[in-house]
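Below is one structure; the comments refer to it alone.
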Amino acid sequence: MKSTDLGLLGVAFVWGFTFVAVKESLEFASPFTFLFYRFLLAFLLLFIISIKKLKKMNRVILRHGFLVGIFLFLGYGFQTMGLQYTTPANAGFITGLSVIIVPFLSVFALKVKPPLNAWIGVACALIGLFFLSFEKFSMDYGDFLVLLGACSFATHLILVGKYSPRYDPFLLTTAQIGTVTVLSCLLGVRSPVVFNHTVVEALIITAVFATVLAFLIQTAAQQHTPATRTAVIFAMEPVFAAFSSYVLIHEIFPVQKILGCILILLGMIITEIKTHT
């Protein structure tokens, strides 16, 4: 596995472990208030890190960063609202459905037809996510919101793949994080928040590790990694979400969900074989 793939897998690991932390924080803060403080902290850190690079920021980067940031905002907005009504594991599983959406968007948005191996890998991930996510052919309100978030994340993934080769990762990441900060402020800044241990810990984890480091790694990695391959690697996010739910809140998983994890791993392996054939 290439270093870029390992980096993306690390991002999926961090994102998977944040679902429980965010879920617990929503007892003390509204979704958009939590997002505002999360992305404000992330933006300030990025600003400090990339202050010398910001001299190269221009209108084109800002415009494309704003576009990418809108879909990132929608993804986290729907996901965080959905977490109020569904479990962390379910949210992780349904967010993983973006792996199925990305190849279809690639055809229309990038005029790129994914290779056969990618389709097979995606098919395995789709079956795996079905076993993980649906015990009955219905979806409650929280799951539906998270599904809308998955569609937004898939679009974000496509746009990052399109624009990341053109610009410095720090500049594009700063622009999109800034966009999410402003949009979250407009919807959540007036809502009250209790800055207790649970909220502060979740903000640090999500801002530093799940936002600044994660999106810098993703933006840099997608300069060399196709969006479809990135999506399949990110399909590990629900597996990590399930593991964190089991470890942190002792959620129990039946056999079909374990089978789903195995199928997702199989999808990753099939996609990995493609790069060596």
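The values are calculated or read from the model by the stated rules, or taken from the named source; none is laboratory data. These numbers were taken from a predicted model, which means no experiment stands behind them. Cβ coordinates were reconstructed from backbone atoms using ideal geometry, including for glycine residues, and neighbour counts include every protein chain displayed. Only protein heavy atoms, including side chains, enter the accessible area calculation; ligands, DNA and RNA are left aside. Shrake-Rupley method; radii C 1.70, N 1.55, O 1.52, S 1.80 Å.
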Taking amide hydrogens as modeled 1.01 Å from N in the peptide plane, which residues meet the under 5 Å criterion relative to GLU251, leaving out close sequence neighbours? TYR246
Per the helix-only calculation at 222 nm, which mean residue ellipticity applies to the chain, given -39500 (n - 2.57) for every DSSP H run of n ≥ 4 and division by its residues, nearest 500 deg cm²/dmol? -24000 deg cm²/dmol
Using only the Cα atoms of region 184-277, build the gyration tensor, take square roots of its eigenvalues as a ≥ b ≥ c, and label the shape rounded, prolate or oblate: rounded if a/c is under 1.5, else prolate if a/b is larger than b/c, else oblate. oblate
Restricting to Cα pairs below 8 Å that are 6+ residues apart, what does the relative contact order work out to for region 137-277? Please round to a whole percent. 33
For the chain, max minus min Cα coordinate along each principal axis, in Å, sorted largest first? 45, 41, 29
As an exercise, use a Förster radius of 22 Å and the Cβ-Cβ distance of LEU44 and VAL247 to find the FRET efficiency, rounded to the nearest 0.05. 0.10
Dipole magnitude of the chain about its Cα centre, charges +1 at Lys/Arg Cβ and -1 at Asp/Glu Cβ only, in debye to the nearest 20? 1240
Dipole of the chain, positive end: most advanced residue of ALA125, ILE205, THR228 [Cβ charges, Cα centre]: THR228
Taking Cα pairs closer than 8 Å and at least 6 residues apart, the relative contact order of the chain in percent is 42
Kirkwood estimate for region 25-127, i.e. one over the average of 1/r between Cα atoms, Å: 16.7
Accessible surface ranking that places the most exposed of LYS2, LYS113 first, with a 1.4 angstrom probe: LYS113, LYS2
Take each of the peptides 252-263, 114-125, average the number of other beta-carbon atoms within 10 Å over its residues, and list them starting from the highest. 114-125, 252-263
With +1 on the Cβ of every Lys and Arg and -1 on the Cβ of every Asp and Glu, and nothing else charged, how large is the dipole of region 1-99 about its Cα centre, in debye rounded to the nearest 20? 720
Longest to shortest principal axis, alpha-carbon extents of region 103-241, angstrom: 49, 44, 24
Name the residue from ILE61, PHE32, GLY92 whose Cα lies farthest towards the positive end of the charge dipole of region 1-100, charges +1 on Cβ of Lys and Arg and -1 on Cβ of Asp and Glu. ILE61
Calculated FRET efficiency, PHE130 and PHE66, Cβ-Cβ r, R0 22 Å, to nearest 0.05? 0.05
Just how many pairs of Lys in the chain have C-alpha atoms closer than 17 Å, counting pairs that are eight or more places apart or on different chains? 5
